[in-house]
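Read the figures in this text as sums done on the coordinates, not as results from a lab. Predicted model, so just to flag it, every value in this text is computed and none were measured. Every residue, glycine as well, gets a Cβ built from its backbone with ideal geometry; the counts of neighbours run over all protein chains shown.
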Amino acid sequence: MNKILYILSFVCLAAVLVMSSCSDDDSSQPSPTAEQKVALMNDGTAWVVESVIKDDFDVTSQYTDFRLVLGDFTYAVENSVGNAWPKAEGTWTFANDEGTVIVREDGVNMNVMLTDTTLQLTFTANSKSGRVHSVEGEYVFNLKSE
């Protein structure tokens with residue numbers, strides 16, 4: 001009887017140890033912003049223009065050679081016009097936990113809509129001088145993977 005009790009105690013102890021080593025902690029799952037960042041980085045491939053709308057007017061012809069490369073919280077643009085993308089290179093960060101709003105280093109908030117092959121950025125560019133007044137306004141950049 002003692003032998004059976006001893007074996008039963010050992011089995012129960014082993015079961016408790018095995019169960020306690022299991023965890024339902026999903027910390028290994030990437031956060032929504034981590035997943036969004038990877039998708040925005042587009043495997044290092046540039047985002048190119050499908051269309052650009054400024055204040056409800058199609059201005060795509062002004063951005064035909066525009067390219068945007070998003071890196072690890074960095075960006076680089078080519079062939080931008082004026083204040084919409086005033087710097088060729090810069091940094092960005094997420095403004096929310098879902099990764100649906102990014103903020104450029106110049107304080108411009110960009111709403112993000114992303115699919116497997118397209119990226120839409122909606123933002124308002126503000127001018128700091130009268131010379132660039134023509135580029136201030138609300139922009140919608142519809143981009144596709146190059």
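Sticking with the crude label model, points 7 Å out along Cα→Cβ, report the distance from A39 to S61 in nm, one decimal please.
3.4 nm
Using a basic spin-label model with each label point 7 Å from the Cα along Cα→Cβ, how many nm lie between T74 and Q120?
Here the answer is 3.0 nm between the modelled labels.
Put a dot 7 Å past each Cα toward the Cβ at V81 and K144; how far apart are the dots in nm?
Rounded to a tenth, the inter-label distance reads 2.0 nm.
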